[in-house]
1. How many angstrom separate the Cα center of segment 53-94 from the Cα center of segment 98-121?
2. Once you place label points 7 Å from the Cα toward the Cβ at Ala115 and Arg140, how far apart are they in nm?
3. Name the shape class, rounded, prolate or oblate, that the alpha-carbon gyration tensor gives for segment 35-170, where a ≥ b ≥ c are the square roots of its eigenvalues, rounded holds for a/c under 1.5, and otherwise prolate holds if a/b is larger than b/c and oblate otherwise.
4. Test of the criteria: in segment 87-137, which trypsin sites (Lys or Arg not before Pro) are in a DSSP loop and have at most 15 other Cβ atoms within 10 angstrom of their Cβ?
5. What is the extension gain from Ser75 to Ser129, computed as 0.36 nm multiplied by their sequence separation minus the C-alpha to C-alpha distance, in nm to one decimal?
Amino acid sequence: MSPTEDKNLYQTPQSALGSSKSAEKQLSLLDRDGKPYTAGAGVRVLTLLLDYVIYLGLSMIGGMILAIIAMLIGSEKMLEFISSEGGGYVIAFPIYIGYYIIMEAAFGRTIGKLACGTRVVNQHGRKASVGQIFGRTFCRFIPFEAFSFLGSETRGWHDSIAKTYVINVREQSKMKIASDSSPR
């Protein structure tokens with residue numbers, strides 16, 4: 001038989017996304033025990049700090065844009081509101097929510113997570129759903145939640161409630177490379 005005779009010429013071509021190799025790559029986010037490669041507390045704190053700086057910068061830019069608009073339309077009341085404490089919250093809250101939801105839903109990571117080599121995944125090591133991302137984001141408003149990942153498991157309440165993990169992609173890559181190069 002020639003190579004073309006054992007192939008079905010009428011079969012739909014398979015892309016790399018639909019192949020079993022893609023499924024193997026997706027499942028390789030899990031260690032040998034079936035748990036995701038979770039990020040440590042130090043990486044989580046650094047990610048939090050980086051994201052907070054980015055959020056503050058975005059809030060300042062948003063406030064400046066609204067102040068410029070208020071000046072252009074000549075609204076003294078809008079300018080007073082923007083410069084008040086309540087106005088700051090009105091500007092900052094949607095930016096905070098939007099930053100986390102947009103970045104994590106679209107890319108699985110924020111800019112801080114990208115810089116630290118981490119990613120948000122679901123309990124199966126795959127991309128978290130939009131609903132899980134919403135849950136994670138709004139759970140961040142639970143008092144003292146920011147310190148909840150400092151325990152032994154380094155999994156915050158916003159992770160455990162939403163059934164997500166923050167994995168260390170760089171560590172997972174190192175472990176994958178080491179296991180691929182070990183003798184079988």
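1. Measuring centre to centre over Cα atoms gives 25 Å.
2. In this crude label model, Ala115 to Arg140 measures out at 1.4 nm.
3. Cα axes put segment 35-170 in the prolate bin.
4. Arg126
5. So the extension gain works out to 15.3 nm.
Bear in mind that the values in this text are calculations on the coordinates, not laboratory data. This is a predicted model, so every value here is computed, not measured. Glycine gets a Cβ as well: all are built from the backbone with ideal geometry, and neighbour counts include every protein chain shown.
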